[in-house]
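S.K.: Here it is, the structure in full.
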Amino acid sequence: MISHDDNDLLCRVEKDAPMGGIFRQHWIPACLSEEVAEPDCDPVKIRLLGEDLVVFRDSEGKLGVLDEYCPHRRASLAFGRNEECGLRCLYHGWKFDVDGNAMEMSSEPAGSGFLDKVKLKSYPAREAAGFIWTYMGPAESMPEFEPPVFLPTPDAPVATSKVIINCNWAQILEGAIDSAHSSSLHSSDMRPAKVERASSNNSYWQRPSTDKAPRMVIERTPFGFRYTAIRRPIQNAATHDYLRTTLFIAPYTVHIPSNNLHHIAILHVPMDDTHTYFYFLAFGGVSCPDTETWRKFLHLQVGIDVDERFNNLRTRDNNYKQDRQAMRLGSFTGVPGIPNQDIVMWETMGAIADRSIDRVGASDVAIVEFRKQMVEAAKEFATSGVAIGRTEPHVPHYVLRSFEGVVLKTTEWSTAGVSEEEAAIRGMTLAPVETAHAAE
């Protein structure tokens, strides 16, 4: 349990909220590249940290992230014309470039000088790994853009999915670091099996354990924390453990353990206090699916599961299209797709969950640590302006690795799967780890 005041510190990101200030110290996804795929394409309305913005790609392919509202009379530029290297407001024809500079004011007298006095708020933009990224903090503290955890090499394949979730970002992220719930909520899609490691057959995932009550251990890191769920494996339980190590990369990324085919990352980007952009990604590995195959597996296909703006077509008003007959026939939830099962849980907690009445248990170690760490981070930011994830030693996200495997009980969990690059930065000593799939 945490207090109401601390719950607000954790959850609220709008205006001058400290947590929003932390997000503004990091590059965050504005939208998917596919949403502004071509020069002079339709501008895209987005909402980040309580601000209404518009993203567009101009005639030369340059990217702009601007205040949605024209500074003249506050009409929406999301309906504007994207043409000739600028975004033109329909109301009076005022036009702005990707940096927010006024280019034309057809309604104003020539030579008035007004053109040079008006500038629309803009944020810098970068493109990488299938995303348009933006930085919304002070220009003087803007960090260099670095590849995210899901771009470990420049040519790593990335499969994306996106859905807007109608609740606060923190309760969604808590789901991503809740290793225990998968054995229940996702039991129809994550099945115990006599396999050497977590595996996928493109229909469901398999794990080498039937243990529904893992022991949780955790370690804070410069980037957030690393935690491991330790389970009894189906085979060799007397001598071995099954480890699943997840990384929380502050403030919004979770890198969950991989399977035999690809790696997985989840992004939780606040639109405002009560709405979130949720991105579930597959990347790298020996066989990363293409984006449409990935979305079909997750039941997050555009036009089928979400609309063209990524609003979920399963809602509380239609009971998330839960199929009770499917439950009678063996489905645990009656809701297809791992993210959709989670969404039912997250949204039904309310727009902002009241953590002051939670009854957390032994399986909630990572959730408790997340709350404690991020509330502390919000208080520190409010006092000093120092943001979690922006302190030394700086660990580039693209060198970070999650881990899963059946290992000897003597294995040191805190260094299992740590890359040599991270170890060198942090001065860590790595011990050898042998798993059934170590040769892969």
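The values are calculated or read from the model by the stated rules, or taken from the named source; none is laboratory data. None of these values were measured; they are calculated from a predicted model. Positions of Cβ are backbone-derived with ideal geometry, glycine not excepted, and every protein chain shown enters the neighbour counts. Heads up: the accessible areas ignore ligands, DNA and RNA and are worked out on the full protein's heavy atoms, side chains in. Shrake-Rupley method; radii C 1.70, N 1.55, O 1.52, S 1.80 Å.
S.K.: Search the range 1-57 for residues being of a type in the set (Val, Ile, Thr) and part of a loop (DSSP other than H, G, I, E, B), and hand back the single one that is farthest from residue 278 (Cα to Cα).
M.R.: Within the range 1-57, the match that is farthest from residue 278 (Cα to Cα) is 2.
S.K.: Going by the conditions given, is residue 342 charged (D, E, K, R), open to solvent by less than 40 Å² (accessible area, probe 1.4 Å) and in contact (Cβ under 8 Å) with a residue 12 or more places away in the chain?
M.R.: So residue 342 fits the description; yes.
S.K.: Right, another one. Take the conditions open to solvent by 50 Å² or more (accessible area, probe 1.4 Å), farther than 28 Å from residue 14 by Cα and not hydroxyl-bearing (Ser, Thr, Tyr) and apply them to residue 308. Does it pass?
M.R.: no
S.K.: Can you work out which of the residues in the range 373-412 that are charged (D, E, K, R) and in contact (Cβ under 8 Å) with a residue 60 or more places away in the chain is nearest to residue 138 (Cα to Cα)?
M.R.: Per the criteria, the residue is 390.
S.K.: Restricting to the range 190-227, name every residue that is of a type in the set (Phe, Trp, Tyr), in a strand (DSSP E or B) and in contact with a helix residue (DSSP H, G or I) (Cβ under 8 Å, 6 or more places away or on another chain).
M.R.: If the condition is that a residue be of a type in the set (Phe, Trp, Tyr), in a strand (DSSP E or B) and in contact with a helix residue (DSSP H, G or I) (Cβ under 8 Å, 6 or more places away or on another chain), then 225, 227 are the ones that fit.
S.K.: A further question on this structure: Pairs needed: first member in the range 425-436, over 18 Å from residue 407 (Cα atoms) and in contact (Cβ under 8 Å) with a residue 12 or more places away in the chain; second member anywhere, assigned to a loop (DSSP other than H, G, I, E, B) and open to solvent by less than 50 Å² (accessible area, probe 1.4 Å); C-beta distance under 8 Å; at least 6 residues apart or different chains.
M.R.: Close Cβ pairs satisfying both conditions: 425/395; 426/222; 426/395; 428/418.
S.K.: Quick check on my filter: what residues within the range 366-392 are buried (at least 20 other Cβ atoms within 10 Å of the Cβ) and touching a Phe, Trp or Tyr at 6+ places or on another chain (Cβ under 7 Å)?
M.R.: 366, 370, 387, 389
S.K.: I'd like the full set of residues that are of a type in the set (Lys, Arg) and either assigned to a strand (DSSP E or B) or closer than 21 Å to residue 131 by Cα (or both), limited to the range 274-319.
M.R.: Selection gives 295, 296, 309.
S.K.: Out of (1) within 19 Å of residue 150 (Cα to Cα); (2) touching a Phe, Trp or Tyr at 6+ places or on another chain (Cβ under 6 Å), what's the single condition that is false for residue 228?
M.R.: Failed condition: (1).
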